[in-house]
């Protein structure tokens, strides 16, 4: 088993490791270190375990995990990886994702606290324009808005993940979605170039923002209405209570697992009516509380989750002729 080799504070200096714990770095590691030598970002973790960066708590290792500080450093990182032909993926808060047990080739880029700023941009008579960076947790943004009497995001109370992930997935609940409050999105393309997209001109759809693969959401601009903080707190409390009653608690999961298919019946209803609540594969289980949640009972592997996913898909296809499409992103296959 690999142990993690950690670069702390400086891209070009590896901390000493105990005897016997050294790892073989990928052949492109020196070139990446050299390209980033002038930037003092967060740690690079070589052969780092990814399970701790996902809400499912499963998955193998990445060849490297990188924590860029700011968009300039992220742009340089993306350009360097493109030049080296090294694959990369973006991780925010790690919800809605399953990483295979074999891990990932290339680099997992974690946008965390260095991409979590919330800023008031403009104030009108009855509304506020707010800029929020992609690494900010959605829960933090909802709480921040409610405390200031800014309405529009109450539907997101209890949705896990980052603001960037919520934008990319067009996250939603209670007949509301992120696109309903978004005005503009700053994005970075696969060459590290930054541009702005007006939300009205984007192709938001059910659990999709319509942008090309390789496009990174950097920040969103939200138009929020002024309202009574006490009323907003009560609405969020009601939504959270309904979630607690209807969704599994205290068990690792990735959120809703399958997209709702066309036709009226939800994925959860179809899975429940197929008699699959409580079905298990290894440590993965179809939740007994909400059938559209696959949960980690404490010892699941990614393989368990994916095998259970396939079993659910086959059962629903056989019974109803409906193909369930995963809402979660599966990283590392192919």
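None of the figures in this text is laboratory data; all of them are computed from the coordinates on show. Not measured: the values here are computed from a predicted model. Backbone-built Cβ (ideal geometry, glycine too); neighbour counts: all protein chains shown.
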Ranked output for segments 127-137, 295-305 by mean other Cβ atoms within 10 Å, highest leading, reads 127-137, 295-305
Return the label of the correct value of Rg and Dmax of the Cα atoms in Å, as calculated from the structure shown, out of (1) 20.8, 64; (2) 18.6, 53; (3) 25.0, 103. (1)
Taking a label point 7 Å from the Cα of residue 143 along Cα-to-Cβ, the residues of the stretch 84-103 whose backbone nitrogen sits under 17 Å from it are 93
Peptide ranges 92-103, 267-278 listed from the most packed, as the mean C-beta count within 10 angstrom indicates: 92-103, 267-278
With a 10 Å radius around each residue's Cβ, average the other Cβ atoms per peptide and rank 51-57, 258-264, highest first. 51-57, 258-264
Contact order normalised by residue count of the chain, Cα under 8 Å, 6+ apart, percent: 15 percent
Please report the relative contact order for the stretch 249-331, taking Cα pairs under 8 Å with a sequence separation of at least 6, and give it as a percent rounded to a whole number. 35 percent
